[in-house]
Amino acid sequence: MSIGIQYKKIVINTILQFGSRFLSVLLSLISVGLLTRYLGPVEYGWFTLVFTYISFFTTFADAGYNTTIVREYSRKANQS
């Protein structure tokens with residue numbers, strides 16, 4: 001594979017990445033705008049609070065918390 005073809009693939013992939021990121025941000029802004037208008041300040045605050053808690057605990061899951069808990073429970077089950 002020549003350098004020119006690789007360069008072209010890199011440029012195309014980079015453009016697609018930027019385009020998909022832009023589309024994702026645009027759709028996020030639209031959905032937040034619609035949600036705030038539909039729910040109002042108080043309900044949108046509760047909505048945000050719920051998703052904040054979910055994302056907080058998802059961070060633990062991403063850090064390996066689930067596998068650690070399963071390992072510890074299996075150790076306790078084997079000891080008793």
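A few notes on this one:
- With the charge dipole of the chain set up from +1 on Lys and Arg Cβ and -1 on Asp and Glu Cβ about the Cα centre, the Cα lying farthest toward the positive end among the listed residues 26, 56, 14 is that of 14.
- For the chain, the solvent-accessible area of protein heavy atoms averages 92 Å² per residue (probe radius 1.4 Å; ligands and nucleic acids excluded).
- A helix-only calculation puts the chain at -34500 deg cm²/dmol for mean residue ellipticity at 222 nm, using -39500 (n - 2.57) for each DSSP H run of at least four residues, averaged over all residues.
- Stokes-Einstein D in µm²/s, Kirkwood radius over Cα pairs - the chain at 25 °C with 0.890 mPa s viscosity: 141 µm²/s
- Evaluating 6.51 cos²θ - 1.76 cosθ + 1.60 at θ = phi - 60° for every residue in the range 41-51, the Karplus couplings come out as x, 6, 5, 5, x, 5, 4, 5, 4, 4, 5 Hz, glycine and proline recorded as x.
- Within the accessible area of the chain (1.4 Å probe), percent carbon and sulfur: 70 percent
The values are calculated or read from the model by the stated rules, or taken from the named source; none is laboratory data. Keep in mind that this is a model prediction, so the values were computed, not measured. Note that we place each Cβ from the backbone using ideal geometry, even for glycine, and neighbour counts take in every protein chain shown. Surface areas here come from the heavy atoms of the whole protein model, side chains and all, with no ligands, DNA or RNA. Shrake-Rupley method; radii C 1.70, N 1.55, O 1.52, S 1.80 Å.
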